[in-house]
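One structure below.
Each reported figure results from applying straightforward, stated rules to the coordinates on display, with no laboratory input. What you see is a predicted model; the values in this text were computed from it and never measured. Don't worry about glycine lacking a Cβ; one is built from the backbone with ideal geometry, like all the others, and counts go over all protein chains shown.
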C-alpha cells in the first residue's frame, strides 16, 4: 500500500499523525468551511472532514491503493460555532467569549479507501474550561499571530498563553486530530499502528489519554 495521505496543511495534525509511526504524506486541500444554516457542530465537522478527504480522493494524481485521512475541528460556546478567526479583532472577541467559561470542541476524522471509495467518519467531543485570562494576555497572544489559524482562536498547547484550566475528553482532539478516533477509523481498513496509544499520547501531551482504561 502507498503511504497514507493526510489531507491537511496543519503542522499540528502532521505532528500528531507522525506519532502513529506509519508512513504518510501530506496533501493540503482548500474547501469552503462555512457552516450551513442550522447545521449542528457534529454534522459540520463530519461533513467537512469527509469533503476534505473526497477532494483528495478525486484527484487524478492520488494513488488508487492507499487511504486518505482528513479532519476538522470546531469550538462551540453557548450554542455558537467558532471557527478560525479571519482577523485579529475576531480573535480578540472569540477569546473574550471563551474566557472563564466551559465550551466544547468537536472534531471529526474521515478515513477513505481510494480503491473502493469506502469511507468511515469518527467523532470526538471534549469539554474545555478556560481560565480567566486578562485583557493584556489576550492582546499579547493575539499580537503573536498564533490564534489566526486555530478554531476558537487558541491553542491549548501554547506554552506562554496557557489558556485552558482543565478538560474532560481528548487532548489531541482539542489540538486538532483525536488520535483515538483516527485509530478507530484506520482499524476499519485493517491498519493497526505499531504503538500503544495511551503511552504515546501521554508522552506527547503530558495528559492522560482518553483511550486509556479507567483505573480499577
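Numbers below:
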| item | result |
| --- | --- |
| Sequence of 1, 94, 183 once ranked by neighbouring C-beta atoms within 10 Å, starting from the fewest | 1, 183, 94 |
| Listed values (1) 21.4; (2) 18.5; (3) 17.7, entry calculated as Kirkwood radius over Cα pairs in Å | (3) |
| Modelled FRET efficiency - R0 35 Å, residue 61 with residue 188, Cβ distances, 0.05 increments | 0.90 |
| Cα gyration tensor category, rounded, prolate or oblate, for the range 163-216 with a/c compared to 1.5 | prolate |
| Length added when fully stretched, residue 86-residue 146, from 0.36 nm per residue minus Cα-Cα | 20.4 nm |
| Ordering of 42-50, 127-135 by burial proxy (mean other Cβ atoms within 10 Å per residue, highest first) | 42-50, 127-135 |
| Antiparallel content of DSSP bridges confined to the chain, in %, to 5 | 85 percent |
| Calculated FRET efficiency for the pair residue 18/residue 196, C-beta based, R₀ 25 Å, to 0.05 | 0.95 |
| FRET efficiency for residue 129 and residue 26, using Cβ-Cβ distance with R0 set to 30 Å, rounded to 0.05 | 0.40 |
| Ellipticity estimate at 222 nm from DSSP helix runs (n ≥ 4, -39,500 (n - 2.57)) divided over the chain, nearest 500 | -9000 deg cm²/dmol |
| Linear extension gain, residue 115 paired with residue 93, 0.36 nm per residue minus alpha-carbon span | 3.5 nm |
